[in-house]
Amino acid sequence: MIPANSSAVSEPRVTPGDSVKRLLPWLVAVAFFMESLDTTILNTAIPAIAKALAVAPLSMKAVLSSYTLSLAVFIPISGWMADRFGTRRVFSSAIGLFTLGSFLCGISSDIHVLVACRILQGCGGAMMLPVGRLTMVRAFAKSELIRAMSFVAIPGLIGPMLGPIAGGLIVGYFHWRVIFFVNLPIGLLGLYLVYRHLPDYREAHSHPLDAIGLILFGCGIALLSYVLEVFGEHTLSGRAMLGLLVISAASLTGYGLRATRTEFPLLRLTLYRIRTFRAAVSGSFFTRLGIGGIPFLFPLLYQVGLGFTPIQSGLLMMPQAVAAMSLKMTMPGILRRFGYRRVLISNTLILGLLIVLFATIGAGTPVWLIVVQAFVFGFFTSLQYTSMNTLAYADVTEEQTSGASTIASTMQQMSISFGVATASLATAFFIPDRFHTSAPEMIHGIHQAFLVLGGLTVLSAIVFRELKNDDGDTVSQHKVVQHVG
């Protein structure tokens, strides 16, 4: 990779000035904070936005899942775009798209328009963090990189913790549209800093983009997600949904065949031949189908079912993030002591049981008990994410790291999107009318959904049975990478 304004073909390292190296981590951290905050700040506002747009609260699943699905589709091409067009241009475009998408979301008055604007937000978010990390890898020497990356990771821990309460405060004291407008000054400041201080790197010769693979993969998962969104809403006939499922399956199968035969595939599926990588990524996907929809159901349970205010709802969701952040340092020791196989199997079973226990939360449940349940769930969820995210790199070579990271990130966002759809679908199945639901009916539907999601989570433990007792020892015996997931 070389500076974008250079004509050299070699690959020299251009060391940025001290001022740039001081500001670069802050710039990437701000972008990371915007992205991580946006994944949780909207959850608390779901009931308020549904009421304003005159839609059923469960229909808001599309607003959440469209963003993460957009991330899943466009993350794989972020690296290619940075190599082809330069890190400064792509990073500024990413911030610009995210900021524009935020503004359009804030002025939307129709749920379909809001979903489209969330997709635009996701296009920008998909490029911000990967390209920011790539720029830092090129700008900092290895001796400085760990400290810089550790600083950038902090917003990923703080954002999800502040998101629920920030969303609750905004809805409680201002207007739900402010949730999107808060990104505007941050985004404009980010654009200014990018053009003033971001180093510009690009590859002298970038490989061709797998455009056909992008179309096949994108269409496949988009159609599958759409079917999950409309299933049970009677907007499509059974024959139409079956046809879309067939097209989706054909597209994904076609991409799978192409990925094994092209030199530069969008996603290097050959990495699935590595047992630890396959177990970590597949296990992450199936586990998140159960636990990924919980942040969507909590605000509905607290606000629509139990009558809490948005601020109270946000406060009740904070213990999960607090546990994930405050107990993070204990997790490497747990993995060293028990090993990845034991931890992942037992932890997945525990998570399933904890989700089932959420079905006991009702009008008479003490607040302190809800807080304790959320805190315990947050710890085991964080342990699960840390274990799966680090195991994925246990047997991956240095040359395979980039491809492995792309697949892991893409599958993670896909699973979150499908997890929200699964949670909504399970709830809708147990309520008589999603558009006119009383508080007791909503509580009953969500309780039944918790039982279903808990069962799915327990079943996902099967994926980790293929691991061996010593798998991941090369990672757990060294410093475990901290990642909220």
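Using 0.36 nm per residue, how much length does the chain from VAL367 to ARG177 gain when fully extended, once their Cα-Cα distance is taken away? Working shown, then result.
Details: separation 190, 0.36 × 190 = 68.40 nm, distance 2.92 nm.
Using 0.36 nm per residue and subtracting the Cα-Cα distance, I get 65.5 nm.
Using θ = phi - 60° in the Karplus curve 6.51 cos²θ - 1.76 cosθ + 1.60, the 3J(HN,Hα) couplings for the stretch 366-377 round to x, 4, 4, 6, 4, 5, 4, 4, 5, 5, 4, 4 Hz; x is entered for Gly and Pro.
Shown in residue order for the stretch 218-224 are the 3J(HN,Hα) couplings computed by the Karplus curve 6.51 cos²θ - 1.76 cosθ + 1.60 at θ = phi - 60°: x, 5, x, 6, 5, 5, 5 Hz (x for Gly and Pro).
For the pair LEU191 and ARG261, what calculated FRET efficiency results from E = 1/(1 + (r/R0)^6), where r is the Cβ-Cβ distance and R0 = 56 Å, to the nearest 0.05?
Working: r = 41 Å, r/R0 = 0.72.
Calculated transfer efficiency: 0.85.
Here each label is just a point 7 Å from Cα along the line to Cβ, and for VAL322 and GLN448 those points are 3.4 nm apart.
Basic side chains Lys and Arg get +1 at the Cβ, acidic Asp and Glu get -1 at the Cβ, and with that the dipole of the stretch 306-404 about its Cα centre reaches some 340 debye.
Using alpha carbon centroids, what distance separates the stretch 90-142 and the stretch 405-434, in Å? One Cα centre to the other: 22 Å. Basic side chains Lys and Arg get +1 at the Cβ, acidic Asp and Glu get -1 at the Cβ, and with that the dipole of the stretch 230-389 about its Cα centre reaches some 840 debye. Between THR401 and LEU357, with labels modelled 7 Å along Cα→Cβ, what's the label distance in nm to one decimal, could you check? Between THR401 and LEU357, the simple spin-label model gives 3.8 nm.
At an R0 of 41 angstrom, the distance between the Cβ atoms of ARG275 and LEU23 translates into a FRET efficiency of 0.45.
With the simple spin-label model, which puts each label point 7 Å out from Cα in the Cβ direction, the ASP110 to PHE429 separation comes to 3.2 nm.
No value in this document is a laboratory result; all are computed from the given coordinates. The model shown is predicted, which means the values in this text are computed figures rather than measured ones. Cβ: placed from backbone, ideal geometry, glycine included. Neighbour counts: every protein chain shown.
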